[in-house]
Structure formats: structure tokens, C-alpha cells
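Working notes, structure below.
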Amino acid sequence: MAPRIGGVRLVHDGWARYLVAEVMQEDGTRLTREMEDHGRAVAVLPYDPERRVATLISQFRAPVLYSGGPPSHIEVPAGLLDEGASEDEARREALEETGLRLGALDFVASAWSMPGISTERMDLFLAAYGEADRTGSGGGLAAEGEAVAVHEIPLPELAAMGRRGTITDMKSLTLLFALQLRRPDLFEATR
């Protein structure tokens, strides 16, 4: 018999939910596992193929600061999946955080972000945009305590940041590498 969840106990219900699950192992032993019940999320890397730039954001991240990192770091627009389709939610997050109105999305993957501790499964997208798609300044939602800085970064510079290890956000690295694999022409030296 495969392992199964025997029961779950809620220990905190706030912005995130924390659970303790009783796991029944194949051999009949029982153990507990703590879980952060985050749910579904989306992330998108907007890029302009004409100007060869990508738009990323930075904002305060308490866990990163607590773990010895900087108060904020460069990352792609992302957020929790509320009630709509993941494509619609990715577009909404991009508009709120970057001021870009995205059209067609290129699906990359639906991946577990931290399968050892979290239920979060993130749908990852790439999205081409043009200068006419900028409809605002972005910055996030003040009501949610977001103070988002928007960064338009040349793609060759973004690739160099990935190689140097200065992009420290996993979803952003995944999407950068996906864009490099799918559109290597955007990273070639211009003539």
C-alpha cells in the first residue's frame, strides 16, 4: 500500500495556512509532516522581443531578509491564484506589478515550488509584449502592502545575471532558462 494521509490538523490560519499531517507509511508506521498550505500560484516573465528586454520586479521579502539575504531581490511578477484561470491571474499580476497588459501567454510548466514543505503549485508562463502594452507604472497594490519596483533589464544582462548567480529566485531562474531555450535568438549579440 502506498503512503497516505491519515489526518490533518490546522495549526495556523492567516495569510498562509499551516497544517500537521499524519502520514501512514507503506509498512504501517505513522509519522507527522508539517505543511504550509499555500495553494496554487502563477508567475510570468514578460519580455519585449523587439527591444530585447524583460520586465521584472523587486519588493520586500521578509523570509529572504530573515535568512540572511537582502531585503528585496529581482524576480518575475507572481502571485496567488485567486479564483480565475491561471492565464488570467498571470495577466492580472503582471498588470498590477509592472503596468503591462499582456496578451498571449506561452505555458512553460506547472511545478511544485517546495514539495517538501508547501502545497504551492505554480503555473509558469512567458509573455511577449511591446511598448504599446505598457498601460501604467505598476508598483503592486498598496492595500496588500506591496511596494513593487519595476525593472526593465536587457536580455543579455539578465542572462549574465543568471550565470553569475545574482538571480536568486527559483521561479525567475526557471523562466529565464525557458526563454533562453525557446528563444535563443533574443540573447545573441546584436550586429
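Considering (1) closer than 20 Å to Leu186 by Cα; (2) free of Cβ contacts under 8 Å to residues at least 40 places away in the same chain, the lone condition that Glu75 does not fulfil carries the number (2). For Leu173, are the conditions met, namely being at pLDDT 90 or above, assigned to a helix (DSSP H, G or I) and surrounded by 11 or more Cβ atoms within 10 Å (Cβ to Cβ)? The answer is yes for Leu173. Taking the criterion of being closer than 19 Å to Leu126 by Cα and assigned to a strand (DSSP E or B), the residues of the stretch 147-170 that qualify are Val150, His151, Glu152, Ile153, Pro154. Is there any pair with a first residue in the stretch 103-127 that is touching a residue at least 12 places away in the same chain (Cβ under 8 Å) and more than 18 Å from Pro77 (Cβ to Cβ) and a second that is of a type outside the set (D, E, K, R) and open to solvent by less than 60 Å² (accessible area, probe 1.4 Å) whose Cβ atoms are under 8 Å apart and which are 6 or more apart or on different chains, and what are they? Matching pairs, first to second residue: Ile117/Met35; Ser118/Met35; Ser118/His38; Thr119/Met35; Thr119/His38; Thr119/Gly39. Taking the stretch 33-55 as the range and being modelled with pLDDT of 95 or more and in contact with an Asp or Glu (Cβ under 6 Å, 6 or more places away or on another chain) as the test, the residues that pass are Ala41, Val42, Val53, Thr55. Take Arg134 and tell me if it is over 22 Å from Leu81 (Cβ atoms), surrounded by fewer than 16 Cβ atoms within 10 Å (Cβ to Cβ) and among the charged types (D, E, K, R). Considered against the rule, which asks whether it is over 22 Å from Leu81 (Cβ atoms), surrounded by fewer than 16 Cβ atoms within 10 Å (Cβ to Cβ) and among the charged types (D, E, K, R), Arg134 comes out as no. Looking only at residues that are part of a strand (DSSP E or B) and among the acidic types (Asp, Glu) in the stretch 34-65, which one is farthest from the chain's Cα centre (by Cα)? Top of the filtered list is Glu34.
Considering only the stretch 38-56, I want to know if a residue exists there that is among the hydroxyl-bearing types (Ser, Thr, Tyr), crowded, with 16+ Cβ neighbours inside 10 Å, touching a residue at least 60 places away in the same chain (Cβ under 8 Å) and within 14 Å of Lys171 (Cβ to Cβ). Even if it seems obvious, please write down each step before you answer.
Narrowing the stretch 38-56 to residues among the hydroxyl-bearing types (Ser, Thr, Tyr): 47, 55.
Checking the rest, the ones that are also crowded, with 16+ Cβ neighbours inside 10 Å come to 47, 55.
After this cut, where a residue has to be touching a residue at least 60 places away in the same chain (Cβ under 8 Å) as well, the list is 47, 55.
Filter again for within 14 Å of Lys171 (Cβ to Cβ), leaving none.
No: zero hits.
One residue alone among Ser67, Ser110, Ser86, Ser72 is open to solvent by 30 Å² or more (accessible area, probe 1.4 Å), of a type in the set (Ser, Thr, Tyr) and within 26 Å of Arg183 (Cα to Cα), and that residue is Ser110. Only one entry of Arg30, Arg52 meets the criterion of being among the basic types (Lys, Arg), closer than 27 Å to Glu96 by Cβ and touching a strand residue (DSSP E or B) at 6+ places or on another chain (Cβ under 7 Å), and that entry is Arg52.
Checked against the criterion of being open to solvent by less than 30 Å² (accessible area, probe 1.4 Å), in contact (Cβ under 8 Å) with a residue 40 or more places away in the chain, within 17 Å of the chain's Cα centre (by Cα) and over 24 Å from Leu181 (Cβ atoms), the candidates Glu97, Glu93 yield just one match: Glu97. Close Cβ contacts (under 6 Å, 6 or more residues apart or on different chains) running from residues in the stretch 4-33 that are within 19 Å of Pro63 (Cβ to Cβ) to residues that are not small (Gly, Ala, Ser) and not in a strand (DSSP E or B) comprise Ala16/His38.
So how many residues does the stretch 8-31 have that are among the β-branched types (Val, Ile, Thr), within 17 Å of Gly116 (Cβ to Cβ) and open to solvent by less than 80 Å² (accessible area, probe 1.4 Å)? It would help to see each step written out before you state the result.
Step one: list which residues in the stretch 8-31 are among the β-branched types (Val, Ile, Thr), which gives 8, 11, 20, 23, 29.
Retained after the next criterion (residues that are within 17 Å of Gly116 (Cβ to Cβ)): 8, 20, 23.
Right, trim to open to solvent by less than 80 Å² (accessible area, probe 1.4 Å) and you get 20, 23.
Matching residues across the stretch 8-31 total 2.
The values are calculated or read from the model by the stated rules, or taken from the named source; none is laboratory data. What you see is a predicted model, and the numbers here were worked out from it, not measured in a lab. Cβ coordinates were reconstructed from backbone atoms using ideal geometry, including for glycine residues, and neighbour counts include every protein chain displayed. Surface areas here come from the heavy atoms of the whole protein model, side chains and all, with no ligands, DNA or RNA. Shrake-Rupley method; radii C 1.70, N 1.55, O 1.52, S 1.80 Å.
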